[in-house]
Amino acid sequence: MARRQRVLITGGAGYIGAHTAAHLMDRKFEVSVLDNLSTGTRDALNRAQRIAAKDLDFYEIDLRDADATINAVRAAQPDVVIHLAGSKSVAQSVESPEEFKINNVQTTVNLISAMGQCGVRQVVFASTASVYGEPKTGDPVSENDAIAPESPYAQTKVTSEALLNDFGRAYSASVVHLRFFNVCGAHASGLLGEATSPATNLMPILMKRSQENAPSITVFGTDWPTPDGSCIRDYVHVEDVVLGIRLALAYAPRIVGHEVFNLGTERGSSVLEVIAAVESATGRPIQARPGPRRAGDPSRYIANCARAHQILGWHPQWTLTDMAHHAWLWQQSSAS
Ligand code: UDP
């Protein structure tokens, strides 16, 4: 019988990481998780194990600790690493750019060094749509478009991609970058989802507010050049992103060097449309208060995912309605 593929997920106790762990365990991968539990939780790992009815190996390790990282990678002996760990708040990165370099770039250096020393030659990296910066046109953004990061956070992802590209060249390794658009939603069972304390993204904020009396939200700009005046984003269900990760795992052994794929739905939704989807999922009206534009927000950001469709065979299944519905199931089951 063929040996099961061994996967090490950095940041595996976080939002996307725990969904990935559950999904891969369910599909007979042997999963190890490396996480410092700064934002991820043991509860998420327990839930992932419950969903898959399987156990994973957990290394409570901080990737900023180079020795501990090598020891964990040596112990886990993965065939492939899925590198999801990192800090992700754009606003925090503007306040503390040095901290973001350490949390996102230094950690990637340590991971690469550990992979190099331990003979790991395949990696799937969680990058971000924000590497493209402000879109020059209203057209969907494709992988060939210029890289123009506008926040320290986005810059750390650009730098990490480049470091991994060097790793691919130096070791004839396989490197797949997945540039995620606005990931939201939750496991369809409602057993796993995104932590909403603190909630920093639109959907988790709406979920949290929906549990309050007289929910309301400030809409960051209602005078954008969009049909309803609010910003447009490409929201993609976390389970579709996880599917993209699994397809990237299957694809990685076929390449030497690096490749990049956008993961979005190619459908734009405005802030007001997201609010309406959440209202319909929760049955609770939310007052949308017009507010000033948020600095650095592009008016419209939609993915062109032709590469992921054609090369990975990735086709996202879930709609914005599903994202809101599943996130609400999770919110109700998780919130105290
Ligand atoms: N947004 C908003 N009010 C909020 C939070 C977010 O109007 O309280 C808008 C934000 O301006 C953007 C969209 O919702 O147009 C998605 O924001 P989020 O921070 O979730 O993701 P981003 O696209 O910035 O990565």
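Using alpha-carbon pairs under 8 Å, 6+ residues apart, how would you state the relative contact order of the chain in percent?
18 percent
List every residue whose amide H lies under 5 Å from the amide H of R300, counting only residues 5 or more places away in sequence or on a different chain, with H placed 1.01 Å from N in the peptide plane.
I232
So how do H177, H325 rank on accessible area, 1.4 Å probe, biggest first, that is with the largest at the start?
H325, H177
Karplus couplings for the range 81-96 from phi (6.51 cos²θ - 1.76 cosθ + 1.60, θ = phi - 60°), rounded to Hz, Gly and Pro as x?
10, 9, 9, 10, 5, x, 8, 10, 7, 4, 4, 5, 5, 6, 6, 10
Check which residues have an amide H placed less than 5 Å from V219's amide H, if you skip close sequence neighbours.
Long-range HN contacts for V219: R289, G291.
For the range 1-150, what's the relative contact order in percent, using C-alpha pairs closer than 8 Å and at least 6 residues apart?
Result for the range 1-150 is 22 percent.
Taking amide hydrogens as modeled 1.01 Å from N in the peptide plane, which residues meet the under 5 Å criterion relative to F180, leaving out close sequence neighbours?
Sorted by chain and number, the residues that satisfy this are S127, T128, A129, L263.
Measure off, as a whole percent, the carbon and sulfur share of the 1.4 Å-probe accessible area of the range 55-99, all protein chains present.
Roughly 43 percent, rounded to a whole number.
With every protein chain kept in place and ligands, DNA and RNA left out, what is the accessible area per residue of the range 251-304? Probe 1.4 Å, answer in Å².
For the range 251-304, the solvent-accessible area averages 50 Å² per residue.
Probe radius 1.4 Å, ligands and nucleic acids ignored: give me the carbon and sulfur share of the accessible area of the range 110-170 as a rounded percent.
50 percent
Among D35, D55, what's the order by accessible area (1.4 angstrom probe), most exposed first?
I get D55, D35, largest accessible area first.
About the Cα centre of the chain, what is the dipole size in debye to 20, counting +1 per Lys and Arg Cβ and -1 per Asp and Glu Cβ, all else neutral?
That gives the chain a dipole magnitude of about 600 debye.
Over the range 18-86, calculate the relative contact order: mean separation of alpha carbon pairs under 8 Å at least 6 apart, over the residue count, as a percent.
33 percent
What does the net charge come to around I70 if you take all other residues with beta carbon closer than 15 Å to its beta carbon, with K and R at +1 and D and E at -1?
-1
Which listed residue (P298, T321, Q310) has the Cα farthest towards the positive end of the charge dipole for the range 276-336, taking +1 on Lys and Arg C-beta and -1 on Asp and Glu C-beta about the Cα centre?
P298
When only the heavy atoms of the protein chains count and the probe is 1.4 Å, how do E99, E161 rank by accessible area, highest first?
E99, E161
Determine the shape class of the chain: with a ≥ b ≥ c the square roots of the Cα gyration tensor eigenvalues, call it rounded for a/c under 1.5, and otherwise prolate if a/b is greater than b/c, oblate otherwise.
prolate
How many nm is it between the label spots at S172 and A306, if each spot is 7 Å from the Cα in line with the beta carbon?
Taking the two extended label points, one gets 3.3 nm.
Under a 1.4 Å probe, what is the accessible area of the range 32-161 per residue, stated in Å²?
45 Å²
Taking the 0 to 90 degree range and rounding to the nearest ten, how far is the long axis of helix 271-282 tilted relative to the main principal axis of the chain, both from C-alpha atoms?
90 degrees
Among N46, G12, Q331, whose Cα lies farthest out toward the positive end of the dipole of the chain, if unit charges sit on the beta carbon of Lys, Arg (+1) and Asp, Glu (-1)?
N46
Convert each backbone phi in the range 195-204 into a coupling constant with the Karplus relation 6.51 cos²θ - 1.76 cosθ + 1.60 (shift: θ = phi - 60°), then list the ³J(HN,Hα) values in order as whole Hz, x for Gly and Pro.
The phi angles translate into 4, 10, 9, x, 9, 10, 9, 3, 4, x Hz.
When the chain is treated as a GNM, springs tying every alpha-carbon pair under 10 Å, which of R179, R300, R284 comes out with the largest mean-square fluctuation?
The residue that fluctuates most here is R284.
Where does the charge balance sit around V238 when Lys and Arg score +1, Asp and Glu -1, over other residues with C-beta under 12 Å from its C-beta?
-4
Report the paramagnetic label zone for A66: residues of the range 93-116 whose backbone N is under 14 Å from a point 7 Å from Cα along the Cα-to-Cβ axis.
Those under the cut-off are 106-116.
Of all accessible surface on the range 247-336 at a 1.4 Å probe, what whole percent is carbon and sulfur?
Of all accessible area on the range 247-336, carbon and sulfur atoms account for 49 percent.
Place +1 on the Cβ of every Lys and Arg and -1 on the Cβ of every Asp and Glu in the chain, take the dipole about the Cα centre, and give the residue among S230, A281, Q211 whose Cα lies farthest towards its positive end.
A281
Using only protein heavy atoms and a 1.4 Å probe, report how much of R246 is accessible, in Å² to the nearest 10.
The accessible area comes out at roughly 70 Å².
The values are calculated or read from the model by the stated rules, or taken from the named source; none is laboratory data. Computed from a predicted structure; not experimentally measured. So basically every Cβ, Gly included, is an ideal-geometry build from the backbone, and we count neighbours across all protein chains shown. Surface areas here come from the heavy atoms of the whole protein model, side chains and all, with no ligands, DNA or RNA. Shrake-Rupley method; radii C 1.70, N 1.55, O 1.52, S 1.80 Å.
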